[in-house]
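The values are calculated or read from the model by the stated rules, or taken from the named source; none is laboratory data. A quick note: this is a predicted structure, and the numbers were derived from the prediction, not measured. Counting neighbours? That spans all protein chains shown, and the Cβs are built from the backbone with ideal geometry, glycine included. What goes into the accessible areas is simple: the full protein's heavy atoms, side chains included, and nothing from ligands, DNA or RNA. Shrake-Rupley method; radii C 1.70, N 1.55, O 1.52, S 1.80 Å.
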Amino acid sequence: MTDSIASAFTSIWNNKARSFLTVLGVVIGVASVTTLIALGQGLRNDVSSIVKDLGTNMIAVTSGKIDLENSEHQGMNPASMISSTILTMQDFSDIANNPKVEVASPMGIISKPVKYGDKTATPTIIGCYPEVTQVLDVMKLESGSVFERRDSGNEIVLNYLTRKRLFGDSDPVGQTVMIGDREFTVVGSLEKALENGIGAEYNNMALIPFDTATEINAGQIAMNRIIAKIGNAEEVKTAKQEIFDTLLVNHRGVEEFTVLTQDDILDMFDSILGLITTMVSAIAAISLIVGGIGIMNIMLVTVTERTKEIGLRKAVGAAQHAILSQFLIEAIVITLLGGLIGLGIAVVATQLIEARSTLHPAVTWEVVLTAIGISTVIGVAFGIWPAMRAARKDPIEALRYE
Amino acid sequence: MNLIELNNISKQFKMGSTTVNALSDISLTIQKGEMVAITGPSGSGKTTLMNIIGLLDRPTGGEYRLGNQLISMDMSDQKLARLRSEKIGFVFQTFNLLPRLSALGNVLLPTSYCRAKRTDRKSRAIQLLTLVGLEKRIQHRPAELSGGERQRIAIARALINDPDIILADEPTGNLDSKTGREIISLLAKLNEEEGKTVLIITHDDKVSAKCQRSIRILDGQLDSRKLEEHD
Ligand SMILES: Nc1ncnc2c1ncn2[C@@H]1O[C@H](COP(=O)(O)OP(=O)(O)O)[C@@H](O)[C@H]1O
Ligand SMILES: [Mg+2]
């Protein structure tokens, strides 16, 4: 065994250029597969920490139907999801009155710039109740306070980026900002939330009282979402079902809304990620198969070139299985080296991605083992046939080969 | 004691519709410790005979006993390989050294396939290289050595697993006559001092004269007219 490995290294070293070119397909295949898995892992870590940081025992109701169970019709209707006219005040008060619900808030989105002097910011303005900060843990006060009631009038809370853009590092509390021609008094500002890539949008928001948002919206209630915090973690699932049943009655049996728990959001993300991973892996598999065929080809050449050696080894006592394992090990050593080079490239690539984007690819043990596993399997799968040809050679003819 | 016993051995090669009778009806015995020359014109069947004795090939008819073991026709590849590794050392006309390996590596090669793993295999290899006079060439590659030196490595390799029999197929065929004589002397020394049974295929009368006995083969048959005994 150790003899075989040593002899594999010698033979690879003696054909450096050829071995390198041969293994290129495996290198590229493993590098791309592992980079993608690392990206997926990183994305999943990000999303799960964002979803967890949002709050605990949270339930969100959105307009539009997201089908989580039925995979055939899986997907969402973007138009209905951003609709602000489906959810009603009745829906909200039913949810708020559910005994399992601790606090709840509606959320309505307004798209208007916020101005301070000659500075302009374009945050997502959310009309909401003050309870929103109790549901969403990410929203932590840095200074001032949240407006006290839903009808507190023209008061505004600035999230980190909005504050930064309009006021730099100075405290905005007590200052006046403009939305359209309305004056708003800044009553509080929020801490920077979630450094992570996709979580960053929470920094680019501003909160105003829900009723004020309705006024800006010409008296029309705008409710894109209802968020609620359940008092007891054990009750999240049953609360979800109760809320769903109540809303289904309110909407006369039409399922034009979705009730989501944090787990649902993660599951949804996982299924999307899984689909993307499968598709990308299928493409990477082609490069691995091409790489494997290259390995097989070069192993067949090697076996022919070393016919005389095979004859000699048999003459000095090598049985078929010894020759078989020698060439199989050689193929595996080549693909494993390729896999390790590919893994190295993937590590460098993920570090570049980390440095130049907001993504955080994670090279976990799972990723490393996948790389090693794939290259070993390629080595065995494409090395076995050449190795069998070597093992079956007739020693006399092999010794006579020139 | 009969080390090798052949009874009515025959070997046919089928090439398409024609059949070549490479060996027919060969019966002979070789005692342990003998040094025997096998002579005969080119194409007479010497190598075929040696391949059968060396368990690289199976006869198509007859009976072969090696030691007290009957070599049956349906012996498995693994069994034959093991017997080769334990009982037989080959020396070839073309040396057949692995160019990538040093002299030492070449001598050690058969130990990878030997069941009894010796812990002292490296020191034994060095000892054998010393025995064949190559103690100063241990790390050299075959390409850096002369033909005679290469054949000495091959002889050390044949001895590494301590076989009963050394089979040498025209071992001097690629050497000048002086070097050839040295190689034959070395084989004779192994025969005398180590008690190895040595079979040498040769064209050269001077070589066969060094052996205790000659077996001559003509057209795949023993040439009964000229069964010589030397000294
Ligand atoms: N593998 C083979 N297939 C067909 N014929 C063979 C084969 N090996 C040897 N022969 C034939 O058998 C005869 C004996 O060959 P060989 O034993 O090599 O002779 P020698 O070693 O005495 O020169 C020759 O006629 C040769 O052509
Ligand atoms: Mg011959």
Practice problem: Among the candidates A:Phe269, A:Phe244, A:Phe257, A:Phe210, single out the residue that is more than 21 Å from A:Ser111 (Cβ to Cβ), among the aromatic types (Phe, Trp, Tyr) and surrounded by 21 or more Cβ atoms within 10 Å (Cβ to Cβ). | Solution: A:Phe257
Exercise. Would you please list the contacts, defined by Cβ atoms under 7 Å and residues six or more apart or on different chains, that run from a residue in the stretch B:41-60 that is within 13 Å of chain A (Cβ to nearest Cβ) and over 12 Å from A:Pro395 (Cα atoms) to a residue that is of a type in the set (Gly, Ala, Ser) and near ligand 1 (Cβ under 7 Å from one of its atoms)?
Key: B:Thr48/B:Ala22
Exercise. Determine if the stretch A:348-364 includes at least one residue that is more than 14 Å from every other protein chain (Cβ to nearest Cβ), crowded, with 24+ Cβ neighbours inside 10 Å, in contact with a helix residue (DSSP H, G or I) (Cβ under 8 Å, 6 or more places away or on another chain) and not in a helix (DSSP H, G or I).
Key: yes
Quiz item: If A:Gly311 satisfies every condition in (1) open to solvent by 20 Å² or more (accessible area, probe 1.4 Å); (2) outside any strand (DSSP E or B); (3) not hydrophobic (A, V, I, L, M, F, W, C) but one, which is the exception?
Solution: (1)
Quiz prompt | Residues that are open to solvent by 40 Å² or more (accessible area, probe 1.4 Å), of a type in the set (Val, Ile, Thr) and within 30 Å of A:Thr350 (Cα to Cα), drawn from the stretch A:1-39 | solution = A:Ile28
Exercise. Quickly run through the stretch B:1-21 and pick out the residues that are farther than 27 Å from B:Asn68 by Cβ and among the small types (Gly, Ala, Ser).
Key: B:Gly16, B:Ser17
Practice problem: Evaluate the stretch B:171-183: report whether one residue or more is of a type outside the set (Val, Ile, Thr), within 16 Å of ligand 2 (Cβ to nearest atom) and crowded, with 23+ Cβ neighbours inside 10 Å. | Solution: yes
Quiz item: Out of the stretch B:16-32, which residues are more than 13 Å from ligand 1 (Cβ to nearest atom) and open to solvent by less than 30 Å² (accessible area, probe 1.4 Å)?
Solution: B:Leu28, B:Ile30
Quiz item: When you look at B:Lys87, is it more than 16 Å from ligand 1 (Cβ to nearest atom), open to solvent by 50 Å² or more (accessible area, probe 1.4 Å) and under 13 Å from the mean Cα position of the chain (by Cα), yes or no?
Solution: yes
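Specify which of the listed residues (B:Leu167, B:Leu159, B:Leu199, B:Leu131) is under 15 Å from the mean Cα position of the chain (by Cα), under 30 Å from B:Asn2 (Cβ atoms) and either more than 16 Å from ligand 2 (Cβ to nearest atom) or open to solvent by 10 Å² or more (accessible area, probe 1.4 Å) (or both).
Answer to the check: B:Leu159.
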Practice problem: Among residues belonging to the stretch B:125-139 that are assigned to a loop (DSSP other than H, G, I, E, B) and touching a residue at least 12 places away in the same chain (Cβ under 8 Å), point out the one that is nearest to B:Ser185 (Cα to Cα). | Solution: B:Val132
Exercise. Answer yes or no: is there a residue in the stretch A:378-401 that is open to solvent by less than 40 Å² (accessible area, probe 1.4 Å), within 14 Å of chain B (Cβ to nearest Cβ) and not in a helix (DSSP H, G or I).
Key: no
Practice problem: Determine, yes or no, whether A:Ala349 is away from ligand 2 (no atom under 16 Å from the Cβ), among the small types (Gly, Ala, Ser), within 25 Å of A:Ile286 (Cα to Cα) and more than 37 Å from the chain's Cα centre (by Cα). | Solution: no
Quiz item: Out of the stretch A:250-277, which residues are in a helix (DSSP H, G or I) and within 16 Å of A:Ala96 (Cβ to Cβ)?
Solution: A:Asn250
Quiz item: Assuming B:Gln151 fulfils every condition listed in (1) open to solvent by 10 Å² or more (accessible area, probe 1.4 Å); (2) away from every other protein chain (no Cβ under 14 Å); (3) of a type outside the set (A, V, I, L, M) apart from one, which condition is it?
Solution: (1)
Quiz prompt | Yes/no for B:Phe13 being more than 20 Å from B:Ala168 (Cβ to Cβ), within 16 Å of ligand 1 (Cβ to nearest atom) and touching a strand residue (DSSP E or B) at 6+ places or on another chain (Cβ under 7 Å) | solution = yes
Quiz item: Regarding B:Ser27, is this residue farther than 25 Å from A:Arg392 by Cα and within 11 Å of ligand 2 (Cβ to nearest atom)?
Solution: no
Exercise. Would you point out which residue out of B:Gly40, B:Gly61 is within 16 Å of ligand 2 (Cβ to nearest atom) and open to solvent by less than 20 Å² (accessible area, probe 1.4 Å)?
Key: B:Gly40
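One line per residue, one yes/no per condition, for (1) within 17 Å of the chain's Cα centre (by Cα); (2) away from ligand 1 (no atom under 16 Å from the Cβ):
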site	(1), (2)
B:Asn8	no, yes
B:Ile38	yes, no
B:Gly43	no, no
B:Asn51	yes, no
B:Leu70	no, yes
B:Ala103	no, yes
